[in-house]
């Protein structure tokens, strides 16, 4: 309400000024503060434009709010939308490709990142906060188990071997404890060069089926079966419990953990407090497969169609300012999200950032060495929120003793049904 | 003594509206607000229930009763309905028995009874979200307080959140705990208003404490019990949302659905996570039928079984 009053007041007094409402989903002081600082700088440099960033709840809430506002002709000029919502946002018809607002040179953006948001040759949204999963490990516990703490496992086979040694060392800890999250399954499909969805991951045409019956999917599910059979894996039991699994790792109850690169900062601090050395390794992948790289996760910035031209341009200008070379480098240092520009990486390198924080380098190489393909471009699917959960529930069934075959079959049937139910909206 | 009563009667006799329009005129503001915020949305929901619709896409396709029949035939939805029923019966019966017992004990004239009462009532001040987070921390299988205790005492570490039976039990216990304070407040107040002479008479006549409780106090408490049964049913049906969302996210997946996914949570998932507005509206319509049935039962049972005294 206050915001509306403020906007109204501004519209009354300074008619020449364009107000750019920016809705984002960062509720924490650190990230909200960073965004507000950038907006203040931008507003100072561009007196004709006033960017007003607002925290609009979770990604799901702000997507909903944007769509409803757009239907009433009053959308914000800039919205942060999560990657699983991309197809949905695209299908809603509410947004315009950022590349059609104004000509932008996208050559500086890291390839795998810009690939995700390039659909049908058009860049639909501007990458903002991107991350990928990496292996976190407890160096002290590894040493106690007689493992080389400088050589973390890079494959599923390597993980299982390490787990065996950890079990034999009787440290009273479990080997591995990541949160059960469909995002990781999607990443492991990409790493094997296998699209998760048909029609080239839903990029050449609307996806109509999942590839959960593929050998790649079987590799992943079998890994969980082996982990479970040997009691090498633990989690809180709740799906997508990021915090719960971080807490288990930071309390030294597990040796290995997998989570987003965006948590390197927070987990590193927690490890220091708990008094152990934390290491970062590449995401372990199924043994005997070529490493294809990761799909970026996170969110991007979208501009609604209904935003007047001046607002849309102001929004894009601000988005480009917020993601410029220096700002992306500072964003990365603050949060651990990837700087999405090549020039930012060069800047960080020049500043010696990677020698100060060698942990971040692993994450970078993982992203920049990604082989571009439909598999690593990531799956586009309007029911992605639902299919992600279905896949998680499939893994959970394997963990509770179901066979890999039965779990995959059921997950595929359910996910495919969700896809066709979604696609029926376009008949 | 007589005079004031007469004046009241006179004013009441005079307080008749002239003309039929007047009362409606006074009702108008409330009716308008109800119409905008309750009746219209309810009608819209009923309309939407007949469509396959997606909130984000803005698509609508008329399907008649298909949403409802699909729900009623879906094994997942049936399982969710059954789970909700079991959850409701367990939380309401156990919750009320437990709160009555605690309220009875806390109303005994013991030293410090005021503090016991205060401690019993305090969980009511917690929001369900906070309560859910508390339980989540306590029952984290690796680092939660509960498993650290169980681990050191009996060297067991139950999987509270992904074993279907344990997870269901945990949510039931958490919901009972969360509801205790509310029930205890009402029971405490009613117990303190029980007619002392009747209780004393029973004691003088040689009734045992158990007999006093079950034969005298309990029947006198039926009106409040009756009230609490229905408020508890409604809260089991509708307020379980925040607790399950934070504690279990409706999981673990068992058979055809998450075992702690109840009707409201399913509705939320379909409507606001997966944006299937039509299906969600159909679920809302089914829940409306359920609430109508419960209200009907409330009046029906209320007339027959409850001892209002006097």
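The values are calculated or read from the model by the stated rules, or taken from the named source; none is laboratory data. Here the structure is a predicted model, which is why all the values come from computation and not from measurement. Every residue, glycine as well, gets a Cβ built from its backbone with ideal geometry; the counts of neighbours run over all protein chains shown.
Residues that are buried (at least 22 other Cβ atoms within 10 Å of the Cβ) and outside any helix (DSSP H, G or I) within the range B:222-256 comprise B:248, B:250, B:251, B:252, B:253, B:254, listed in sequence order.
Report yes if some residue within the range A:330-345 is closer than 18 Å to residue A:99 by Cβ and either under 19 Å from the mean Cα position of the chain (by Cα) or surrounded by fewer than 24 Cβ atoms within 10 Å (Cβ to Cβ) (or both); otherwise report no. Let's see the steps before the verdict.
From the range A:330-345, those closer than 18 Å to residue A:99 by Cβ are A:340-341; that's our starting set.
Now narrow it down to the ones that are either under 19 Å from the mean Cα position of the chain (by Cα) or surrounded by fewer than 24 Cβ atoms within 10 Å (Cβ to Cβ) (or both): A:340-341.
There is at least one residue in the range A:330-345 that is closer than 18 Å to residue A:99 by Cβ and either under 19 Å from the mean Cα position of the chain (by Cα) or surrounded by fewer than 24 Cβ atoms within 10 Å (Cβ to Cβ) (or both).
Considering the range A:54-96, and only residues there that are surrounded by fewer than 24 Cβ atoms within 10 Å (Cβ to Cβ), in contact with a helix residue (DSSP H, G or I) (Cβ under 9 Å, 6 or more places away or on another chain) and more than 13 Å from chain B (Cβ to nearest Cβ), the residue that is nearest to residue A:302 (Cα to Cα) turns out to be A:96. Take residue B:115 and decide whether it is over 30 Å from residue A:175 (Cβ atoms), part of a helix (DSSP H, G or I) and without any contact (Cβ under 8 Å) to a residue 40 or more places away in the chain. Against the criterion (over 30 Å from residue A:175 (Cβ atoms), part of a helix (DSSP H, G or I) and without any contact (Cβ under 8 Å) to a residue 40 or more places away in the chain), residue B:115 qualifies.
When residues in the range A:244-273 are screened for being outside any loop (DSSP other than H, G, I, E, B) and within 11 Å of another protein chain (Cβ to nearest Cβ), 8 of them pass.
Could you check the range A:360-427 for helices (runs of 4 or more DSSP H) lying wholly inside it with 3 or more residues that are more than 11 Å from chain B (Cβ to nearest Cβ) and under 28 Å from residue A:228 (Cβ atoms)?
On the way: elements: A:374-377, A:384-399, A:404-423.
So the answer is A:404-423.
Per this entry, residue B:275 is not counted among residues that are in contact with a helix residue (DSSP H, G or I) (Cβ under 6 Å, 6 or more places away or on another chain), under 30 Å from residue A:422 (Cβ atoms) and modelled with pLDDT of 90 or more. The condition of being assigned to a strand (DSSP E or B) and at pLDDT below 95 holds for only one of A:129, A:115, that being A:129. Output the residues belonging to the range A:189-212 that are surrounded by fewer than 24 Cβ atoms within 10 Å (Cβ to Cβ) and in a helix (DSSP H, G or I). Within the range A:189-212, A:198, A:199, A:200 qualify. Sub-9 Å Cβ pairs linking a first residue in the range A:154-166 that is more than 17 Å from residue A:225 (Cβ to Cβ) to a second residue that is in a helix (DSSP H, G or I), at least 6 apart or interchain, are A:162/A:142; A:166/A:141; A:166/A:142; A:166/A:144, ordered by first then second residue.
The lone criterion from (1) within 14 Å of another protein chain (Cβ to nearest Cβ); (2) crowded, with 19+ Cβ neighbours inside 10 Å; (3) at pLDDT 95 or above; (4) out of contact with any strand residue (DSSP E or B) (no Cβ under 8 Å at 6 or more places or on another chain) left unmet by residue A:223 is number (1).
Against the condition touching a residue at least 12 places away in the same chain (Cβ under 8 Å), within 14 Å of another protein chain (Cβ to nearest Cβ) and in contact with a strand residue (DSSP E or B) (Cβ under 7 Å, 6 or more places away or on another chain), how does residue A:174 come out, does it pass? Considered against the rule, which asks whether it is touching a residue at least 12 places away in the same chain (Cβ under 8 Å), within 14 Å of another protein chain (Cβ to nearest Cβ) and in contact with a strand residue (DSSP E or B) (Cβ under 7 Å, 6 or more places away or on another chain), residue A:174 comes out as yes.
Exactly one residue among B:169, B:151 is within 12 Å of chain A (Cβ to nearest Cβ) and assigned to a helix (DSSP H, G or I), and that residue is B:151.
Restrict the check to the range A:271-279 and report whether at least one residue is assigned by TED's automatic domain parsing to the domain that holds residue A:221, buried (at least 19 other Cβ atoms within 10 Å of the Cβ), under 27 Å from residue B:251 (Cα atoms) and over 22 Å from the mean Cα position of the chain (by Cα). For the range A:271-279, residues assigned by TED's automatic domain parsing to the domain that holds residue A:221, buried (at least 19 other Cβ atoms within 10 Å of the Cβ), under 27 Å from residue B:251 (Cα atoms) and over 22 Å from the mean Cα position of the chain (by Cα): absent.
The condition of being surrounded by fewer than 19 Cβ atoms within 10 Å (Cβ to Cβ) and out of contact with any helix residue (DSSP H, G or I) (no Cβ under 6 Å at 6 or more places or on another chain) holds for residue B:210. Residues that are surrounded by 17 or more Cβ atoms within 10 Å (Cβ to Cβ) and in contact (Cβ under 8 Å) with a residue 60 or more places away in the chain were ranked within the range B:58-80; the one that is farthest from the other protein chains (Cβ to nearest Cβ) is B:68.
This table checks each residue for (1) modelled with pLDDT of 90 or more; (2) within 30 Å of residue A:424 (Cβ to Cβ).
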| site | (1), (2) |
| --- | --- |
| B:212 | no, no |
| B:228 | yes, no |
| B:241 | no, yes |
| B:247 | yes, no |
| B:264 | yes, yes |
| B:267 | yes, yes |
| B:287 | yes, yes |
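On inspection, residue A:355 qualifies as in a helix (DSSP H, G or I), under 28 Å from residue A:277 (Cα atoms) and either within 14 Å of chain B (Cβ to nearest Cβ) or more than 22 Å from the chain's Cα centre (by Cα) (or both).
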